[in-house]
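> The structure follows.
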Amino acid sequence: MISNTSDVPTLAGGFVTMDTIKRATEVSSRRTKIFCTLGPACWEVPQLEQLIDAGMNVARFNFSHGDHEGHKACLDRLRQAAKNMNQNVAVLLDTKGPEIRTGFFANGAKSITLTKGETLTLTNDYSYKGDNKKLACSYASLASSVDPGQSILVADGSLVLTVLSCDETSGEVITRVENNCSIGERKNMNLPGVVVDLPTLTEKDIDDIVNWGIKNEIDFIAASFVRKASDVKFIRKILAENGGDGIKIISKIENQEGLENYLEILQATDGIMVARGDLGMEIPPEKVFLAQKYMIREANIAGKPVVTATQMLESMIKNPRPTRAECSDVANACYDGTDAVMLSGETANGQYFRQAVEIMVRTCSEAESSVNWNELYQSVRNSVRKRYQLSTSESLASSSVKTAVDVGAKCIIVFSESGTTARHIAKFRPGMPIAVLTPSAQVARQCFGFLKGCYAFVVDSLEETVKLTEEVLRECRVAGIAKVGDPVVIVSGVTFGSGATNQIKVEYVQDGPKGDDNRSHLDDNNAEFNGCVIS
């Protein structure tokens, strides 16, 4: 690979020496966030406390499984654990979304065996009880959507079918079995390259969002199979009509249609999930890493946070240590520019859930330790300016990071009502932590949960900026973030309210009176700051 930061073409990796490899991993300044899927392996309070202690920032509730009652019980335990640990933990509802599945089997069979070279008929009559000659499919438009020669993938690609003929009148598709395989009932089906006629939000998804997500004041919706910007706008309409305006939408890009419409989706959404599992079924697997790099780079330029997901440490579902390839995958996602990485079965179903988070924390920290943050800031700024003119808020954010670099600031403190200014500052990837002060607990969870390098503190009001600044500077000194005389950049507004941020200033940490070494209490603050919990 060629270095992306050198003034002249050189090979990348010149920063790596034997000392780099031998030195201890420093995890206290980790910037990349970690999403953990909750499940039977980790959903009791003591286990959740372990996840939080290990480094979980966002708890993912997978609504492809379970019911409202069960998820609510788990949410109550999560919030109790977060309270016990004095920590912000954001909550994400991952919708089940539209799906295509095979049907049930005849004669009570639990599985069927298919032989390579044989034909298999698929019917859109979902009441049909199938066998190894004919199977039901839940997608009513199957016969009119696929063409001879196309592939159909079943059970995460373990079964490959090739379409031979389609009969729209009978709703049947005749296929050839391409490999020997045994499958169970109701297995997922993927139609690579096909524009499917299914809604992004099903009735179940809407019920989950309105009657569980909004009702329980969650922080993020991960919308499955987003294919166009209108999908995001429809979800936002559902949220607005039901009192969920503050919930952020993370669009999961899982098929070719979503990839082709990615730029317009990016403008409409609050965040992106690179959902590599289904995406790897919809496009050739050797293209997935290219799609990942493309999506992350475009999200970085747009200033929308992005999480990379699926099979990151998959082997740790059963093993206490990951494969070397898995660690490299996590590190490369960090190098690509991801804001967060996600664990699925590793935490939901694996007995090594804490170890999975810990190794992810260490891997992200090692990747970040080799980044030249000052050059990265300039690279982001140049890439953005090539694409479009910076908005006022983005210009202010860029200037605050440039100021922090120039004066050697130890951190950037942001007074933010909505979190928008914090997101814009995080976009420019400062090399120092970003401390967000906000009167909104939800904004605090969202910033700490998903914005790279951000830590968040809940305060009663942003009006007393002088007092707040003094208190935060004192906290920085006591926590060891900055020493007396060190500069800190403050980003605030002379008026208050969302969108009123318009001031950058540099303050210097002052020595406190004798005995002033105990940390003060920033109201309901409960976020980790650079490895230290300020309480």
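> Going by Cα centres, the stretch 450-476 and the stretch 157-199 are how many Å apart?
Each part reduced to its Cα centre gives a spacing of 55 Å.
> Taking amide H positions as placed 1.01 Å from N in the peptide plane, with prolines and chain starts having none, which residues 5 or more places from residue 183, or on another chain, fall under 5 Å of its amide H?
Here the answer is 112, 114, since their amide H atoms fall under 5 Å of that of residue 183.
> Starting from the residue with the highest accessible area, list 68, 424 in decreasing order, probe 1.4 Å. Write down the numbers at each step before the final one.
Details: 68 50, 424 20 Å².
I get 68, 424, largest accessible area first.
> Treating only the Cβ atoms of Lys and Arg (+1) and Asp and Glu (-1) as charged, compute the dipole magnitude of the chain about its Cα centre; round to the nearest 20 debye.
840 debye
> May I ask for the distance between the Cα centers of the stretch 53-77 and the stretch 255-334, given as a whole number of Å?
When both Cα centres are located, 22 Å separates them.
> Stretch residue 332-residue 115 to full length: gain in nm at 0.36 nm per residue minus the Cα-Cα span?
That works out to 74.2 nm of additional length.
> Same structure, new question: Of all the accessible heavy-atom surface of the chain, with the other protein chains kept in place and a 1.4 Å probe, what percent is carbon and sulfur?
49 percent
> So how far apart, in nm, are the two label points at residue 101 and residue 160 if each is 7 Å from Cα heading toward Cβ?
2.6 nm
> Explain nothing, just compute: Karplus ³J(HN,Hα) = 6.51 cos²θ - 1.76 cosθ + 1.60, θ = phi - 60°, for every residue of the stretch 269-285 in order, whole Hz, x for Gly and Pro.
For the stretch 269-285, the Karplus-derived couplings read 8, 8, x, 10, 10, 7, 8, 6, x, 5, 4, x, 8, 8, 10, x, x Hz, x marking Gly and Pro.
> List every residue whose amide H lies under 5 Å from the amide H of residue 417, counting only residues 5 or more places away in sequence or on a different chain, with H placed 1.01 Å from N in the peptide plane.
Here 499 satisfy the definition.
> Please give the length that would be gained between residue 20 and residue 195 if that part of the chain were fully extended, namely 0.36 nm times their separation in residues minus their C-alpha to C-alpha distance (nm, one decimal).
Details: separation 175, 0.36 × 175 = 63.00 nm, distance 4.79 nm.
This chain segment gains 58.2 nm when fully extended.
> Between the DSSP loop rule and a limit of at most 10 other Cβ atoms within 10 Å, which GluC sites (Glu not before Pro) in the stretch 133-242 are left?
The qualifying sites: there are none.
> Then there's this: Counting trypsin sites (Lys or Arg not before Pro) as exposed when in a DSSP loop with at most 11 other beta carbons within 10 Å, what is the longest stretch of the chain free of them?
No qualifying site falls inside 134-482, the longest such stretch.
> Further, regarding this structure: Starting from the amide H of residue 175, placed 1.01 Å from N in the peptide plane, find each other amide H under 5 Å away whose residue is 5 or more places distant or on another chain.
120, 121, 122, 164
> Can you tell me the accessible area per residue over the stretch 37-97, all protein chains present, probe 1.4 angstrom, in square angstrom?
Result: 37 Å² of accessible area for each residue.
> Okay, moving on. Give me the log10 of I(q) over I(0) for the stretch 71-187 at q = 0.12, 0.18, 0.23 Å⁻¹, as the Debye formula computes it from C-alpha points; what are the numbers?
-0.53, -0.84, -1.32
> Something else: Which pairs in the list 22/293; 248/467; 204/252; 233/287 are over 21 Å apart, alpha-carbon to alpha-carbon? Mind dumping the intermediate values first?
Working: 22/293 29 Å; 248/467 31 Å; 204/252 18 Å; 233/287 29 Å.
Those over the limit are 22/293; 248/467; 233/287.
> Count neighbours as other Cβ atoms within 10 Å of each site's Cβ, and list the chymotrypsin sites (Phe, Trp or Tyr not before Pro) in the stretch 333-440 that are DSSP loop with at most 10 such neighbours.
388
> What value in Å³ per residue do you get for the convex hull of the alpha-carbon atoms in the stretch 371-431? Intermediate results must be reported in sequence, preceding the final value.
Working: hull volume 4.8 nm³, N = 61.
Once divided by residue count, the hull of the stretch 371-431 is 79 Å³.
> Taking the solvent-accessible surface of protein heavy atoms with a 1.4 Å probe, what is the per residue accessible area of the stretch 139-192 in Å²? Mind showing how you got there, number by number?
Numbers: 2270 Å² over 54 residues.
Roughly 42 Å² per residue, with all protein chains present.
> Give me the one-decimal nm value for the distance between modelled label points at residue 180 and residue 45, 7 Å along each residue's Cα-to-Cβ direction.
Output for this residue pair reads 5.3 nm.
> Which whole-number percent of Cα pairs in the stretch 142-230 have a distance greater than 15 Å?
Roughly 70 percent, once rounded to a whole number.
> Can you pull the accessible area of residue 18 for me, 1.4 Å probe, Å² to the nearest 10?
Around 120 Å² of this residue is reachable by solvent.
> If the chain were replaced by its equivalent ellipsoid, with semi-axes equal to the square roots of 5 times the Cα gyration tensor eigenvalues, what would those be, largest first, whole Å?
44, 24, 22
> So, one more: State the dimensionless ratio Rg/Rh of the stretch 406-452 (Rg: radius of gyration of Cα atoms; Rh: Kirkwood radius).
Over the Cα atoms of the stretch 406-452, Rg/Rh equals 0.96.
> Please work out how much length the chain gains when fully extended from residue 73 to residue 245, using 0.36 nm per residue of separation minus the C-alpha to C-alpha distance, in nm with one decimal.
In short, 59.5 nm is gained.
> Let me ask something else. Using the beta-carbon distance between residue 293 and residue 484 and R0 = 60 Å, what value does 1/(1 + (r/R0)^6) give for FRET efficiency, to the nearest 0.05?
0.85
> At residue 510 and residue 168, where each label point lies 7 Å from the Cα along Cα→Cβ, what is the point-to-point distance in nanometres?
Rounded to a tenth, the inter-label distance reads 7.8 nm.
> Please report the antiparallel percentage of DSSP beta bridges with both residues in the stretch 1-131, rounded to the nearest 5.
10 percent
> Okay, next question. Please list, by residue number, every one of the chymotrypsin sites (Phe, Trp or Tyr not before Pro) in the stretch 1-106 that is coil in DSSP and has at most 13 other beta-carbon atoms within 10 Å.
Filter output for the stretch 1-106: 15.
> Regarding the stretch 276-343, what are the three Cα extents along the principal axes, ordered largest first, in Å?
Reported extents, whole Å, longest axis first: 38, 24, 15.
> What do the square roots of 5 times the Cα gyration tensor eigenvalues come to for the stretch 1-93, in whole Å, largest first, as semi-axes of the equivalent ellipsoid?
39, 17, 11
> Follow-up. How high is the relative contact order of the chain, in percent, with contacts defined as C-alpha pairs under 8 Å that are six or more residues apart?
14 percent
The values are calculated or read from the model by the stated rules, or taken from the named source; none is laboratory data. All values reported here derive from a predicted model rather than from experimental measurement. Note that each Cβ is placed from the backbone with ideal geometry, even for glycine, and that neighbours are counted across all protein chains shown. Just the protein is used for accessible areas: all its heavy atoms, side chains included, with ligands, DNA and RNA removed. Shrake-Rupley method; radii C 1.70, N 1.55, O 1.52, S 1.80 Å.
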